[in-house]
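S.K.: My questions will all concern the structure given below.
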Amino acid sequence: MQAKFKRSYKFAIKTALYITLYTTLLMSVFLYYLYEFKWFYVLAFLVSAYIFSFLVIQFSVERFIYRRVKRIYDDLTLLESANLNKGPITTDMRTLTQEIDKFARDKKLEIETLKVREKYRKEFLGNVSHELKTPLFTVQGYILTLLDGAMNDEKLLEKYLGRASKGIERLGYIIKDLDMITKLEVGDLSLNIEKFDIVELVKNVFEMLEMKASKRKITLTFDTDYNNLVLVKADKERIQQVLVNLIVNSLKYGREKGTTEISIENLIKNKVIVRVTDNGEGIGKVHLPRLFERFYRVDKSGSRKEGGSGLGLSIVKHIIEAHDEKIYVESEFGVGSEFSFTLEKGE
């Protein structure tokens, strides 16, 4: 590889000057006492000695430093980041120190990021294992009980088959939702963007969840009367899924005889924000940064009082981000929660 240097001549200039002054002074004394002293010879010697000293020192020191700096680059595996094949290797110690410090900081950040990801990966695998084995073992238990003779009892047969069916349904939810998240992450799930009335869509979701809400005596309502259309541009089916997941979540953890309220507001010129607010049990601040992770549990006991796949909020986040929009959450433990997301206006 052809060496290219960022030349710093300060050291060579000073050193060559010192050597030249010393040798010139020595030669002047020699000429003064032994031969006829002439300024022309002294000046000629001074210039030639300085040029020669400078070239020798500059070349030798540069080569000396370059070889060792190159070894440092190699030892620190900086070949890719320093791009030695395309760019120069600096022999300036300050610049080299800065590059090594930057390399060390980047590596430290990379290691910390990998540790965090490894922690999340372990938690995710543990959660997947728990979510899958719970319905599997439930179904297996009921079927084995029936095979051991309980199937002869018609009441037990119907009861256990019904519970086994719920376990299989739970497995189906988990697998379906995991498949959807995977497609959203890799971009395989295409969006059908169209204009539609978001108010009408919310009303349809209210009708779908009316019975579920009535079981807990929770009121589904708007914050005000929306007499005019509020057109947005999005995938209607996916936004309906977002609304269903958020409202179902509020029904699960909402206060009995409480309220789940939907509001639709103008955010900026071409955006609206949809808010889903409840007065339920709320979420502690420590959980908010990880709330949209797959299977992340606010309740660390591992029990799940309500059904579902445990992937609802993660799916919501991926759908909204697939629209290049934002989702937000605000919550106070014991007071309630508000989930909100933006959409592009259809006008």
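The values are calculated or read from the model by the stated rules, or taken from the named source; none is laboratory data. Owing to the predicted nature of the structure, the values given are computational and were not obtained by experimental measurement. Ideal geometry is used to build each Cβ from the backbone, glycine not excepted, and the neighbour counts take in all protein chains shown.
S.K.: Any chance segment 218-235 includes a residue that's within 27 Å of residue 329 (Cβ to Cβ) and of a type in the set (Lys, Arg)?
M.R.: Looking through segment 218-235, at least one residue is within 27 Å of residue 329 (Cβ to Cβ) and of a type in the set (Lys, Arg).
S.K.: Being at pLDDT below 90, of a type outside the set (Ser, Thr, Tyr) and under 30 Å from residue 269 (Cα atoms): is that true of residue 184 here?
M.R.: Yes; evaluated as a whole, the condition is true for this residue.
S.K.: May I pose another question? Among the candidates 200, 169, which residue alone is at pLDDT 80 or above and part of a helix (DSSP H, G or I)?
M.R.: Step by step, each of 200, 169 is checked, and only 200 is at pLDDT 80 or above and part of a helix (DSSP H, G or I).
S.K.: Let me ask something additional. Name the pairs whose Cβ atoms lie under 7 Å apart, with the first residue in segment 141-157 and surrounded by 11 or more Cβ atoms within 10 Å (Cβ to Cβ), the second part of a helix (DSSP H, G or I) and not hydrophobic (A, V, I, L, M, F, W, C), and 6 or more positions between them or separate chains?
M.R.: Final answer for the pair search is 142/160; 142/163; 145/160; 146/160; 150/160.
S.K.: Of these, 207, 256, which one is without any contact (Cβ under 8 Å) to a residue 12 or more places away in the chain and assigned by TED's automatic domain parsing to the domain that holds residue 328?
M.R.: 207
S.K.: Would it be correct to say that residue 246 is outside any loop (DSSP other than H, G, I, E, B) and crowded, with 19+ Cβ neighbours inside 10 Å?
M.R.: Considered against the rule, which asks whether it is outside any loop (DSSP other than H, G, I, E, B) and crowded, with 19+ Cβ neighbours inside 10 Å, residue 246 comes out as yes.
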